[in-house]
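Scroll down for the structure; my scribbles are underneath it.
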Amino acid sequence: MKVCPRCQKTYSDDNLNFCLDDGTVLTQAAPPSTQESMPETVFMNPPRTTAPHTSFGNEPATQSNWSSQPPPYVQAAPQKKSRAWIWVVGILALVALVCGGGLVGFVVYFASIADTNSNHSTNGNKIIPSNNKFPSPGPNTNGSPKTSSSPDDSNAQNVDLSTWVKENSLYGITEFTNGEFFMAAKQKGFYYVLVAPDDYSTDGVTTRVTLRNPDSGNSSMGYGLIFHSNPSPLTQDYAFLIDTKKQKYRVVRHEPQKEISMVAWTNSTIIKDGSQENTLEARDKGDSTELYINGQMVTSVKNTYAYKGGVPGLYSGDGVKIAFKDLKIIK
C-alpha cells in the first residue's frame, strides 16, 4: 500500500507512483504499528528572498555640558566608531557647498565632519576620533633639557581667542570667560581642533600658548598647541600635546584620515601637574621646530611635513575641558 505524504490519501495499487489529487510522489505506507508512532510530516514553503536592510548610523551621544565627568583614564586607544554615518555628513557638506553655505567638507579617521566659518576672519574647527596606532621612538632624553630665554614679546601678534567661540557647534564646547578660552570635544574618544585663519603664519616665528586643565580631567589623547597647520584643520599639521595628570607629552602630525605619532608619550617633570598653568612653545628654526615646555626645550621635529605658511591652532582630546590663553606669534 502506498500513501501520499501531503494529503495522506492511501492507494492499494502498488504500481501507482503519484497522488491523483495533488501529484505528490507516493511513498510506501509503513505497517500500522510503526505509522502511528511517526510524527506527522510538515511541509514549509521556502523563505522568500529579501534584500539586506541598509541604514545610516547616528552621531555618537554627546556630553551636554561642562559638568559631565569623563570616565576613568584608559591608556589603550578607543574602539573604532561606526563608519555608516559619514555618508550623511558628507552629503550635507556637499549640499552646503552647492548652496553657498561655506561648509568645508573633510575626511577624518572613520568619520567625516565639517564645522567651519562663513567668513575669513575666524577659525576653522574639527572633531575626530582617536587613532593612535602609529608609535614612534621618543626623543633623546639623555642629559638635561635645554633651557632658553623666551623670545621678546614686543613684536608679538596676539590671536583673539574670544572670537573662536562656537555657540552652535555640534562637535565641541567652547566659551570665553575671564580672559580664558575653554574648549572640549563633546565626547570621550574624540578630539576637537580649531585653527586660526591664514593670516597668522607660524613659519620662522615662535608660537606660544598657555593652558591649564581646570578640573584635572583624564585625557588619553592630551591637549595643546597646533602649529604649521593647513587652514583647513587636520589635513596637514603638527600637534604638541601634554597630559598634566600624568606629566607627559607627545607630538603628532595629521593627514586626512590619520593621526601619526612622531614622538611617543614621554614623561617629563618639567610639566606642572594637576590644574596648574603650563606654557607651550614651538620655535621654528627653518628645517626643524624646537618644542618647549615652561621655557625648557624637550624635543624637536623636522619640518618635513609642515604646511608652508601654516597657522596655529588648539587641540583638546577625550572630552576634557581645557582653558587656553595668550595664544600669540612672536617674530
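Laboratory data are not the source of any read-out in this text; all were calculated from the coordinates shown. All values derive from a computational prediction rather than experimental measurement. We place every Cβ from the backbone using ideal geometry, glycine too, and count neighbours over all the protein chains shown.
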Worksheet item: By counting other Cβ atoms within 10 Å of each Cβ, how are 324, 227, 176 ranked from fewest to most?
Response: 176, 324, 227
Discussion item. If you average the alpha carbon positions of region 192-215 and of region 249-271, how far apart do those two centres end up, in angstrom?
Written reply: 16
Item to complete: Just rank 248, 302, fewest to most, by other beta-carbon atoms within 10 angstrom.
Response: 302, 248
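Just list whichever of 246/325; 245/328; 258/331; 302/328; 188/245; 188/331 have alpha carbons separated by over 27 Å in the model shown. Could the numbers behind the result be given before it?
Working: 246/325 22 Å; 245/328 25 Å; 258/331 31 Å; 302/328 22 Å; 188/245 16 Å; 188/331 37 Å.
Pairs exceeding the cut-off: 258/331; 188/331.
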Practice prompt. Could you pull out every residue, at least 5 positions away or on a different chain, whose amide H is within less than 5 Å of the one on residue 203? Hs are placed 1.01 Å off N in the peptide plane, and Pro or chain starts have none.
Written response: 309, 310
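For 25, 251, 301, what ranking results if the residue with the fewest other Cβ atoms within 10 Å of its Cβ goes first? Before the final figure, lay out the partial values.
Numbers: 25 11, 251 27, 301 22.
With the sparsest Cβ surroundings first, the list reads 25, 301, 251.
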Worksheet item: Which whole-Hz ³J(HN,Hα) couplings does region 188-205 yield from phi under the Karplus relation 6.51 cos²θ - 1.76 cosθ + 1.60, θ = phi - 60°, glycine and proline marked x?
Response: 4, x, 10, 10, 10, 10, 10, 10, 7, x, 6, 8, 10, 8, 9, 6, x, 9
Worksheet entry | Long-range amide H partners of residue 191 with built H, under 5 Å | 128, 130, 318
Worksheet item: Sorted by mean Cβ packing within 10 Å, highest first, what order do the peptides 205-218, 271-284 take?
Response: 205-218, 271-284
Item to complete: Collect residues whose amide H, placed 1.01 Å from N in the peptide plane, falls under 5 Å from the amide H of residue 299; neighbours closer than 5 in sequence don't count.
Response: 291
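Give the shape of region 264-331 as rounded, prolate or oblate, defined through the alpha-carbon gyration tensor: a ≥ b ≥ c are the square roots of its eigenvalues, a/c under 1.5 means rounded, and otherwise the shape is prolate if a/b is larger than b/c and oblate if not. Please report the intermediate quantities before stating the final value.
Values: a/c = 1.70, a/b = 1.41, b/c = 1.20.
It comes out prolate by the Cα gyration axes.
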Fill in: Backbone HN-Hα couplings from phi across region 161-171 [Karplus 6.51/-1.76/1.60, Hz, Gly and Pro as x]
6, 5, 7, 8, 5, 10, 5, 10, 5, 7, 10
Worksheet item: Let a ≥ b ≥ c be the square roots of the eigenvalues of the Cα gyration tensor of region 253-300; is it rounded (a/c under 1.5), or, if not, prolate (a/b larger than b/c) or oblate?
Response: oblate
Worksheet entry | Global form of region 131-330, assessed from the alpha-carbon gyration tensor, a/c cut-off 1.5 | rounded
